[in-house]
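In what follows, a single structure is set out as C-alpha cells and then discussed.
Values quoted throughout were computed directly from the atomic coordinates according to the rules given, and no laboratory measurement underlies them. Remember, it's a predicted structure, so these values are computed and weren't measured experimentally. Cβ: placed from backbone, ideal geometry, glycine included. Neighbour counts: every protein chain shown.
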Amino acid sequence: RVHPERVDLYLSRALLFSQNNLHELATPDYKKAWELLPDETCGMELSANLMMTNDTLGAISVLKTCKNKFPDNENFYKRLSEIYNAIGKPAEALAEYDALLARDSSNFTAYFEKGLVELQQQDTLKAMQSLEHSYALQPTIHSALTLANIYSLRLDPRVLTLCDAVLARDSLTKNTDALFLKGIYFAEKKQFDKANKMFDACINSDWTFTDAYIEKGLVYYEQKKWEEAL
C-alpha cells in the first residue's frame, strides 16, 4: 500500500463497490475511512452502507456518535428517525424529531416529518398539530395538501381554505388533489352540485383521474340518478 492514510482513496473504492451492489466489500473501506477521519461525510456514508448490509444496530451506533459529535447537523437526527420508524420503533423516531425541534423550533421540515410518523401511528390529533406547525412556519403545497387530507377526513371546513390557497398558487395547472379534496368535502356535506363541479374540474385537468369518476358516480348514486351513476 503506497498511501495507507488516504481517506479519499478508501472512499473512492468503497463507492465503486457500492455502485456495483457489492456493499459487503465496500464496508471495510467505509469503516477504515471513518477510523481515519470520523467526520460528517464519512459517518453518513458508513451508516448508509451498514443499512444496505442489514447491520441496523451498527448504523444506529454510528449515527448516534455523529449526532453527539455534530449536533448542528440535522441529517443525523432525521436518518435515525427514519431507521427507528422503519424497524417499528415509532417512539424513538418521534424522540429524534423532538430533539431536533428542541434545538430549532422553526424547523418546518421536522414538524412535517414528525406529523407523517404520527399519521402512521394513527394519532390523527397529534399529526394534525405537527402539520399545522409546519404549515404555519412554511406554507408549502405539500404540507397544505397533507393537512387538507386530514381536515377532509374530519369534515373540517378548513379543508376548503387550504385547498383554495393551493389552487391560488397553482392557477395554471389546477392542482387536481386540491380540487378532489374539496369535492370529497362537498359530497360528504350533501352539497352534490358543488361536489360534481370539483370532480368535473379534476377530470378536465386530468382525464385519467379515476378516483374523480368513482366519486362522481357515488354522488349520482346518492341522488338516485342511476343512469348517470352507471
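For the chain, the calculated P(r), taken from all Cα-Cα distances in 10 Å bins from zero up to the bin holding the longest distance, is 8, 23, 22, 19, 16, 9, 3, 1, 0 percent. If you take every residue apart from Leu162 with its C-beta less than 13 Å away from the C-beta of Leu162, what net charge results, scoring Lys and Arg +1 and Asp and Glu -1? It works out to a net charge of -1. Within the listed set Ala93, Ala48, Ala168, the residue fluctuating most in the Gaussian network model of the chain (springs between alpha-carbon atoms under 10 angstrom) is Ala168.
In the elastic network of the chain, a GNM with C-alpha springs shorter than 10 Å, the most mobile of Tyr84, Tyr135, Tyr220 is Tyr220. With +1 on each Lys and Arg Cβ and -1 on each Asp and Glu Cβ, and nothing else charged, work out how big the dipole of the chain is about its Cα centre, in Debye to the nearest 20. In debye, rounded to 20, the chain gives about 180.
Could you size up the charge dipole of the range 1-132 around its Cα centre, putting +1 on the beta carbon of Lys and Arg and -1 on that of Asp and Glu, and report it in debye to the nearest 20? Don't jump to the answer; show the numbers that get you there.
Numbers: 14 positive and 20 negative charges, 67 e Å.
Its charge dipole is roughly 320 debye.
For the set Lys67/Lys114; Lys174/Lys225; Lys194/Lys216, the pairs lying more than 20 angstrom apart at their alpha carbons are Lys174/Lys225. In this structure, Phe70 and Glu188 have a Cβ-Cβ separation that, at R0 = 45 Å, corresponds to a calculated FRET efficiency of about 0.40.
Considering helices alone, the calculated mean residue ellipticity of the chain at 222 nm is -24000 deg cm²/dmol, with DSSP H runs of length four and up weighted by -39500 (n - 2.57) and normalised per residue.
Computed extension length for Arg154-Thr124: 9.8 nm, one decimal, from 0.36 nm per residue of separation with the Cα-Cα distance subtracted.
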